Amino acid sequence: MISKLADVMSELIEKAKIGKMHVYTFIAVSMGFFIWGMLSTFAPISTLISKFIPSTMYVFVLSVPLVFALIGNFLMGFIADKIGRKMAFIITMLSYGVGVFLFIISENLAVLMASLFLTQFGVGGEEPALLALLSENMPVRYRGAILGIMPNFANIGAAVASGIAILTQGAFYPTKVAIGVTAFIAIVILVFSRLSMPESVRWLEIKGKTEEAKKYASSVKAADEKLEEALPTASLRFRFAFLAIIGISQFLSFGLMAYILGPAEFPSLTAQILFVANIGASVAGFIGAYIVNGISRKKYILFSFLGGLITMFLILPFASTESLALFYALLFLNMTFSEFAWISRTVLEPELFPTGLRAGLIGVIRTITYGTYIASIYITFNFTVSQYIYYNIGLWLLGFFGALMWYFRGFDTNKKSLKSLDKI
């Protein structure tokens, strides 16, 4: 049972004015997602720049490292619930730090694959803890916007990495060194910011670490406002099923179009497709973060998945290199709605689970999405372009069905306290 003192501290955090601890957390989390974005491009860019990867091994290089992202999500989510968000970050930073070093020095497939395994385990393992920390330590009035805008730094990181590959014209040594050094600089900034940021106050409370929680809570000042509590009318099982459905829809449709379409259908355009897709998502991230904080989550989700479905239908007649400019424009538009849909996931995943299970259940959902994504790479890699687009239309239909589920049976969490989730 959470004590009255814990409730007081939680309320202080939820009503807090923006201060130093929020700035450190903002830098630490944004840089974490920036690195996540950069490292997510390592596999598709490797198929472009590495002469020792034959085309017959593209599917292997693109899919097998994701198994380690899956494992990272599953294990590190529960570990973060057990030992804390900050302690989990030590493991993940070590993993992808070593992985980046191996990427820079890779001269053969074995070393390259080792680097991909370590980087994907690290960044995959960080997702649940990052989202949990943000939902627990940020003021309620800004929570939706912050949960929406933070993951957008992954799109920026991916755009930077693919932009480097375009500028270096896919040359092996310049590309991997430039990307690797950029990632290392980001990791250095990350380490210093994470040493300064606080642990999740809500997590400290439920673990009985009251004195440590008080130390962090005492450093903030509360705004004079009244908070409503979210009323979790849908069961935990229903919430999980809903999040799994929209997770599969969004993650697969984004990943297949942004990261796999190039190597699978247009190998020479891999870097350009990565760049256009992630620029579209990056621009949309700022817009979506503003919208999601201002309207009902139900309406926002429905709008996002309906827009994605419509724009995917629009791409179908132009999915070829014959109308490249138009295809890029429609891809940009589709990635805009994909980012809106991603924001709906990154906001609702931490908002629908109780604190003690939050990171672990987010990790399980992302394990499911990674598993279906890996399977889809194998299923779709030899599709024609039209078949590939139809497959993505099916994914968007699935997400729209999930959005309808939540619209009619879900509950709203926008600018509401999440304390009630821990009491059920």
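The values are calculated or read from the model by the stated rules, or taken from the named source; none is laboratory data. For clarity, every value in this text was computed on a predicted model and none was experimentally measured. We place every Cβ from the backbone using ideal geometry, glycine too, and count neighbours over all the protein chains shown.
Restricting attention to the range 70-96, and to residues there that are farther than 16 Å from VAL201 by Cβ and in contact with a Pro (Cβ under 7 Å, 6 or more places away or on another chain), which single residue is surrounded by the fewest Cβ atoms within 10 Å (Cβ to Cβ)?
Going through the qualifying residues, I end up with MET76.
Does any residue of the range 58-69 turn out to be small (Gly, Ala, Ser), crowded, with 17+ Cβ neighbours inside 10 Å, over 23 Å from SER200 (Cα atoms) and in contact with a Leu (Cβ under 7 Å, 6 or more places away or on another chain)?
Scanning the range 58-69 turns up no residue that is small (Gly, Ala, Ser), crowded, with 17+ Cβ neighbours inside 10 Å, over 23 Å from SER200 (Cα atoms) and in contact with a Leu (Cβ under 7 Å, 6 or more places away or on another chain).
Restrict the check to the range 349-367 and report whether at least one residue is in a helix (DSSP H, G or I), farther than 20 Å from SER200 by Cβ and either touching a residue at least 12 places away in the same chain (Cβ under 8 Å) or among the β-branched types (Val, Ile, Thr) (or both).
Scanning the range 349-367 turns up at least one residue that is in a helix (DSSP H, G or I), farther than 20 Å from SER200 by Cβ and either touching a residue at least 12 places away in the same chain (Cβ under 8 Å) or among the β-branched types (Val, Ile, Thr) (or both).
Checking the condition in a helix (DSSP H, G or I) and surrounded by fewer than 20 Cβ atoms within 10 Å (Cβ to Cβ), which residue from ILE13, ILE45, ILE104 passes?
Exactly one of ILE13, ILE45, ILE104 is in a helix (DSSP H, G or I) and surrounded by fewer than 20 Cβ atoms within 10 Å (Cβ to Cβ), namely ILE104.
Pick from the range 333-347 the residues that are surrounded by 24 or more Cβ atoms within 10 Å (Cβ to Cβ) and of a type in the set (A, V, I, L, M): which of them is farthest from PHE411 (Cα to Cα)?
Here the residue is MET335.
Answer with yes or no whether MET57 is touching a residue at least 12 places away in the same chain (Cβ under 8 Å), touching a helix residue (DSSP H, G or I) at 6+ places or on another chain (Cβ under 9 Å) and under 25 Å from ILE189 (Cβ atoms).
So MET57 does not fit the description; no.
Restricting the first residue to the range 202-227 and requiring it to be within 16 Å of LEU418 (Cβ to Cβ) and part of a loop (DSSP other than H, G, I, E, B), which pairs with a second residue that is of a type in the set (A, V, I, L, M) and at pLDDT 85 or above meet a Cβ separation below 6 Å and a spacing of at least six or different chains?
Every condition considered, the pairs that remain are LEU227/VAL140.
Can you find a residue in the range 268-278 that is under 20 Å from ASP422 (Cβ atoms) and touching a helix residue (DSSP H, G or I) at 6+ places or on another chain (Cβ under 6 Å)?
Checked against the condition, which is being under 20 Å from ASP422 (Cβ atoms) and touching a helix residue (DSSP H, G or I) at 6+ places or on another chain (Cβ under 6 Å), the range 268-278 yields no hits at all.
Residue by residue, here is whether (1) assigned to a helix (DSSP H, G or I); (2) buried (at least 24 other Cβ atoms within 10 Å of the Cβ); (3) polar (S, T, N, Q); (4) out of contact with any Phe, Trp or Tyr (no Cβ under 6 Å at 6 or more places or on another chain) holds:
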residue: ALA110; (1), (2), (3), (4): yes, no, no, yes
residue: LEU118; (1), (2), (3), (4): yes, yes, no, yes
residue: PHE121; (1), (2), (3), (4): yes, yes, no, no
residue: SER135; (1), (2), (3), (4): yes, yes, yes, yes
residue: THR175; (1), (2), (3), (4): yes, no, yes, yes
residue: ALA178; (1), (2), (3), (4): yes, no, no, yes
residue: PHE184; (1), (2), (3), (4): yes, no, no, yes
residue: PHE192; (1), (2), (3), (4): yes, no, no, yes
residue: LEU195; (1), (2), (3), (4): yes, no, no, yes
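Can you name the helices (runs of 4 or more DSSP H) wholly within the range 250-326 that have at least 3 residues being buried (at least 24 other Cβ atoms within 10 Å of the Cβ) and small (Gly, Ala, Ser)?
The helices (runs of 4 or more DSSP H) meeting that bar are 270-292.
Look through SER219, SER268, SER296 and report the one residue that is modelled with pLDDT under 95, over 30 Å from SER338 (Cα atoms) and hydroxyl-bearing (Ser, Thr, Tyr).
Numbers: SER268 fails: over 30 Å from SER338 (Cα atoms); SER296 fails: over 30 Å from SER338 (Cα atoms).
Being modelled with pLDDT under 95, over 30 Å from SER338 (Cα atoms) and hydroxyl-bearing (Ser, Thr, Tyr) holds for just one of SER219, SER268, SER296, which is SER219.
Name every residue in the range 229-239 that is touching a residue at least 60 places away in the same chain (Cβ under 8 Å) and either surrounded by fewer than 17 Cβ atoms within 10 Å (Cβ to Cβ) or part of a loop (DSSP other than H, G, I, E, B) (or both), in order of residue number.
Those that are touching a residue at least 60 places away in the same chain (Cβ under 8 Å) and either surrounded by fewer than 17 Cβ atoms within 10 Å (Cβ to Cβ) or part of a loop (DSSP other than H, G, I, E, B) (or both): GLU229, ALA230, LEU231, PRO232, THR233, ALA234, LEU236, PHE238.
I need a count of the residues in the range 137-173 that are surrounded by fewer than 22 Cβ atoms within 10 Å (Cβ to Cβ), hydrophobic (A, V, I, L, M, F, W, C) and outside any helix (DSSP H, G or I).
1
Taking the residues in the range 16-28 that are modelled with pLDDT under 85 and assigned to a helix (DSSP H, G or I) as candidates, determine which candidate is farthest from LEU131 (Cα to Cα).
Of everything passing the filter in the range 16-28, LYS20 is farthest from LEU131 (Cα to Cα).
Return the residues of the range 57-88 that are of a type in the set (Gly, Ala, Ser), within 26 Å of LEU195 (Cβ to Cβ) and part of a helix (DSSP H, G or I); say none if nothing qualifies.
ALA69, GLY72, GLY77, ALA80, ALA88
Are there any pairs, at least 6 apart or on different chains, whose C-beta atoms fall under 8 Å, with the first in the range 376-403 and closer than 14 Å to PRO317 by Cβ and of a type outside the set (Phe, Trp, Tyr) and the second at pLDDT below 95 and not in a helix (DSSP H, G or I), and if so, which?
Listed by first residue and then by second, the contacts come to VAL385/ALA319; VAL385/SER320; SER386/ALA319; ILE389/ALA319.
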